[in-house]
Amino acid sequence: MAWEAVADTDQLEEGDMMVVQLGGEPICVVRLSEEEAVACHNTCTHQQQPLNEGYLQDDDTLICPAHNSRFDLHTGEPIGIPAVTAIPIYACKIEDEAIWVDFDQQTNDAPIPHKPFH
C-alpha cells in the first residue's frame, strides 16, 4: 500500500475524528489543526473499545470512552492506566486539500491490537 487519500480537508474539521478501513484494520484519523492530522489504530489496547468515540484533549491526547485510557496521538504511548500498551500510529499528512494516510508506514513499534472478544 502507499499513501491513500482518506478525506478531503473540508470533511474533517479541527478537533473531529473519523474511522477508515486500511489494510483490513480500523484507523482513526484525527484533525488536530488546520495543518495537522494524525492517524492511529482505532482500538484501545486496554479492552478493545473504539477510540473514535472518545475525547480529544488540547494536549493532542485521546481518551478512550470506556475506561478513560489516554493515548498520546504523536507517539501512541499510553499516559497513565488502565492501558499499558501503546496504540499503532501511522504516517499521516495534509496535502492538496486532502488528508493522506500510509498504513504501511507505522511510526512506532506498537503491535496491532487484537479484535474485540464481543
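Some points to look at:
- Hits in segment 83-97 - residues which are surrounded by fewer than 17 Cβ atoms within 10 Å (Cβ to Cβ), touching a Ser or Thr at 6+ places or on another chain (Cβ under 9 Å) and under 16 Å from Ile27 (Cβ atoms): Ala91
- Against the test of being of a type in the set (D, E, K, R) and on the phi > 0 side of the Ramachandran plot, the options Glu77, Glu97 yield a single qualifying residue, Glu97.
- Residue within segment 39-59 that is surrounded by 16 or more Cβ atoms within 10 Å (Cβ to Cβ) and among the charged types (D, E, K, R) present: no
- Residue within segment 73-82 that is under 15 Å from the mean Cα position of the chain (by Cα), surrounded by 19 or more Cβ atoms within 10 Å (Cβ to Cβ) and in contact (Cβ under 8 Å) with a residue 40 or more places away in the chain present: yes
Since every read-out is calculated from the coordinates, none of them should be taken as a lab result. Everything numeric here is computed off the predicted structure, so don't read it as measured data. Because the Cβ atoms are built from the backbone with ideal geometry, glycine has one as well, and the counts that use them run over all protein chains shown.
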